Amino acid sequence: MRPPRPGLALIPAAALALSSGCTFHDPAKELEVTVIETYWIVDSPQAGQNYIAPAVRVHIRNTGRGPLHSVQARARFTGTTGDEPWGSIQEQVSTWNQPLLPGREALVTVRSNGRYASPADPTDMLRSPGFRDATAEIFVRIGPSKWAMLATAPIERRIGAKAVQDLAAP
(Lines give C-alpha, C1' and ligand atoms only; values in the text may rest on other atoms or scores of the structure.)
Protein backbone atom coordinates (compact mmCIF):
# COMPACT_ATOMS: atom_id res chain seq x y z
CA MET A 1 0.00 0.00 0.00
CA ARG A 2 1.39 3.40 -1.02
CA PRO A 3 1.05 6.45 1.22
CA PRO A 4 -1.23 9.20 -0.19
CA ARG A 5 0.46 12.02 -2.10
CA PRO A 6 0.03 15.39 -0.35
CA GLY A 7 -0.92 17.27 -3.52
CA LEU A 8 -3.87 14.96 -4.22
CA ALA A 9 -5.45 15.73 -0.85
CA LEU A 10 -5.94 19.36 -1.88
CA ILE A 11 -8.01 18.55 -4.99
CA PRO A 12 -11.28 17.74 -3.13
CA ALA A 13 -10.89 20.88 -0.98
CA ALA A 14 -10.37 23.07 -4.05
CA ALA A 15 -13.37 21.51 -5.82
CA LEU A 16 -15.54 22.13 -2.75
CA ALA A 17 -14.44 25.76 -2.56
CA LEU A 18 -15.21 26.36 -6.23
CA SER A 19 -18.60 24.65 -6.06
CA SER A 20 -19.65 26.52 -2.90
CA GLY A 21 -19.85 29.85 -4.72
CA CYS A 22 -16.41 31.33 -4.09
CA THR A 23 -16.07 34.42 -6.22
CA PHE A 24 -12.87 35.89 -7.53
CA HIS A 25 -13.05 39.67 -7.70
CA ASP A 26 -11.40 42.18 -10.01
CA PRO A 27 -11.17 45.42 -8.00
CA ALA A 28 -10.37 47.46 -11.14
CA LYS A 29 -13.77 46.45 -12.57
CA GLU A 30 -15.87 46.44 -9.39
CA LEU A 31 -14.64 49.59 -7.65
CA GLU A 32 -14.02 53.19 -8.64
CA VAL A 33 -12.69 56.30 -6.95
CA THR A 34 -15.19 59.15 -7.34
CA VAL A 35 -13.69 61.94 -5.19
CA ILE A 36 -10.07 62.53 -4.18
CA GLU A 37 -8.87 65.07 -1.62
CA THR A 38 -5.21 65.38 -0.62
CA TYR A 39 -3.54 67.34 2.17
CA TRP A 40 -0.98 67.13 4.97
CA ILE A 41 -1.87 66.04 8.50
CA VAL A 42 -0.16 67.13 11.69
CA ASP A 43 1.04 64.35 13.98
CA SER A 44 1.66 64.84 17.70
CA PRO A 45 4.82 66.82 18.44
CA GLN A 46 7.63 64.99 20.23
CA ALA A 47 10.77 66.36 21.87
CA GLY A 48 10.35 69.80 20.30
CA GLN A 49 9.75 68.45 16.80
CA ASN A 50 6.56 68.90 14.76
CA TYR A 51 5.58 66.22 12.25
CA ILE A 52 3.49 66.37 9.08
CA ALA A 53 2.53 63.46 6.84
CA PRO A 54 0.73 63.29 3.48
CA ALA A 55 -2.83 61.97 3.47
CA VAL A 56 -5.52 61.22 0.90
CA ARG A 57 -9.32 60.99 1.39
CA VAL A 58 -11.19 59.08 -1.29
CA HIS A 59 -14.75 58.03 -1.97
CA ILE A 60 -14.75 54.43 -3.20
CA ARG A 61 -17.87 53.23 -5.04
CA ASN A 62 -19.01 49.66 -5.60
CA THR A 63 -19.75 49.49 -9.34
CA GLY A 64 -20.37 45.73 -9.23
CA ARG A 65 -23.61 43.80 -8.97
CA GLY A 66 -23.24 42.39 -5.48
CA PRO A 67 -22.18 43.47 -2.00
CA LEU A 68 -18.43 43.56 -1.35
CA HIS A 69 -17.54 42.23 2.07
CA SER A 70 -13.81 42.73 2.45
CA VAL A 71 -12.50 45.82 0.68
CA GLN A 72 -9.20 47.39 1.70
CA ALA A 73 -7.48 50.58 0.53
CA ARG A 74 -3.91 51.81 0.71
CA ALA A 75 -1.87 54.55 -0.90
CA ARG A 76 1.72 54.62 -2.06
CA PHE A 77 3.19 58.02 -1.20
CA THR A 78 6.32 59.19 -3.01
CA GLY A 79 8.09 62.43 -3.78
CA THR A 80 7.16 64.01 -7.10
CA THR A 81 10.53 62.94 -8.48
CA GLY A 82 9.56 59.28 -7.96
CA ASP A 83 12.03 58.69 -5.15
CA GLU A 84 11.71 56.08 -2.41
CA PRO A 85 8.12 55.34 -1.27
CA TRP A 86 7.18 56.76 2.12
CA GLY A 87 4.80 53.94 2.98
CA SER A 88 1.18 54.04 4.06
CA ILE A 89 -1.23 52.71 6.59
CA GLN A 90 -3.74 50.27 5.10
CA GLU A 91 -7.42 50.95 5.84
CA GLN A 92 -10.46 48.66 5.92
CA VAL A 93 -13.26 49.96 3.66
CA SER A 94 -15.88 47.24 4.22
CA THR A 95 -16.31 44.09 6.31
CA TRP A 96 -18.57 41.03 6.40
CA ASN A 97 -20.77 42.84 8.93
CA GLN A 98 -20.83 46.09 6.93
CA PRO A 99 -20.46 45.28 3.23
CA LEU A 100 -20.15 47.92 0.52
CA LEU A 101 -23.45 47.58 -1.34
CA PRO A 102 -23.79 48.01 -5.12
CA GLY A 103 -23.93 51.69 -6.11
CA ARG A 104 -22.87 52.83 -2.62
CA GLU A 105 -19.73 54.72 -1.65
CA ALA A 106 -17.45 54.60 1.35
CA LEU A 107 -15.22 57.44 2.53
CA VAL A 108 -11.73 56.33 3.51
CA THR A 109 -8.66 58.27 4.61
CA VAL A 110 -5.19 56.84 4.12
CA ARG A 111 -2.11 58.52 5.49
CA SER A 112 1.58 57.92 5.14
CA ASN A 113 3.62 56.56 8.01
CA GLY A 114 6.57 58.51 6.56
CA ARG A 115 6.63 62.17 7.52
CA TYR A 116 8.58 65.43 7.70
CA ALA A 117 9.99 66.56 11.07
CA SER A 118 11.00 70.09 12.06
CA PRO A 119 10.84 72.43 15.05
CA ALA A 120 9.03 74.90 12.74
CA ASP A 121 5.28 75.42 12.71
CA PRO A 122 3.59 72.88 10.38
CA THR A 123 2.37 75.59 7.95
CA ASP A 124 5.88 77.02 7.78
CA MET A 125 7.20 73.54 6.94
CA LEU A 126 5.11 73.62 3.73
CA ARG A 127 6.76 76.93 2.74
CA SER A 128 10.32 75.81 3.47
CA PRO A 129 12.73 75.87 0.49
CA GLY A 130 13.75 72.31 1.40
CA PHE A 131 10.18 70.99 1.28
CA ARG A 132 9.52 68.42 -1.44
CA ASP A 133 6.03 67.77 -2.75
CA ALA A 134 4.51 64.30 -2.72
CA THR A 135 2.09 62.23 -4.79
CA ALA A 136 -0.29 59.42 -3.86
CA GLU A 137 -1.21 56.32 -5.84
CA ILE A 138 -4.47 54.82 -4.54
CA PHE A 139 -4.82 51.03 -4.49
CA VAL A 140 -7.74 48.77 -3.51
CA ARG A 141 -8.34 45.07 -3.20
CA ILE A 142 -11.32 42.83 -2.52
CA GLY A 143 -10.62 39.94 -0.17
CA PRO A 144 -7.53 38.05 -1.36
CA SER A 145 -7.48 39.71 -4.80
CA LYS A 146 -4.42 41.48 -6.11
CA TRP A 147 -4.07 45.20 -5.41
CA ALA A 148 -5.36 47.40 -8.25
CA MET A 149 -4.28 51.03 -8.69
CA LEU A 150 -7.37 53.17 -9.29
CA ALA A 151 -6.01 56.72 -9.16
CA THR A 152 -3.06 59.04 -8.62
CA ALA A 153 -3.04 62.56 -7.22
CA PRO A 154 -0.53 65.20 -6.12
CA ILE A 155 -0.65 66.08 -2.42
CA GLU A 156 -1.87 69.68 -2.01
CA ARG A 157 0.29 72.00 0.09
CA ARG A 158 -2.21 72.62 2.86
CA ILE A 159 -2.77 71.35 6.38
CA GLY A 160 -5.96 69.39 6.99
CA ALA A 161 -8.99 68.27 5.03
CA LYS A 162 -11.36 70.90 3.62
CA ALA A 163 -14.16 69.68 5.92
CA VAL A 164 -11.95 70.36 8.95
CA GLN A 165 -11.03 73.80 7.60
CA ASP A 166 -14.74 74.58 7.08
CA LEU A 167 -15.46 73.70 10.74
CA ALA A 168 -12.74 76.09 11.90
CA ALA A 169 -14.00 78.99 9.77
CA PRO A 170 -16.03 81.67 11.63
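The values are calculated or read from the model by the stated rules, or taken from the named source; none is laboratory data. All values derive from a computational prediction rather than experimental measurement. Backbone-built Cβ (ideal geometry, glycine too); neighbour counts: all protein chains shown.
For this structure, a couple of remarks:
- When residues of the range 54-68 are limited to those that are surrounded by 14 or more Cβ atoms within 10 Å (Cβ to Cβ) and basic (Lys, Arg), the one nearest to the chain's Cα centre (by Cα): Arg57
- Among the residues of the range 73-125, those that are hydrophobic (A, V, I, L, M, F, W, C) and assigned to a strand (DSSP E or B) comprise Ala73, Ala75, Phe77, Leu100, Ala106, Leu107, Val108, Val110, Ala117.
- Unmet requirement for Glu156, which otherwise passes all of (1) at pLDDT below 95; (2) in a loop (DSSP other than H, G, I, E, B): (1)
- Any chance Ala75 is of a type in the set (A, V, I, L, M, F, W, C), surrounded by fewer than 16 Cβ atoms within 10 Å (Cβ to Cβ) and either within 14 Å of the chain's Cα centre (by Cα) or modelled with pLDDT under 95 (or both): no
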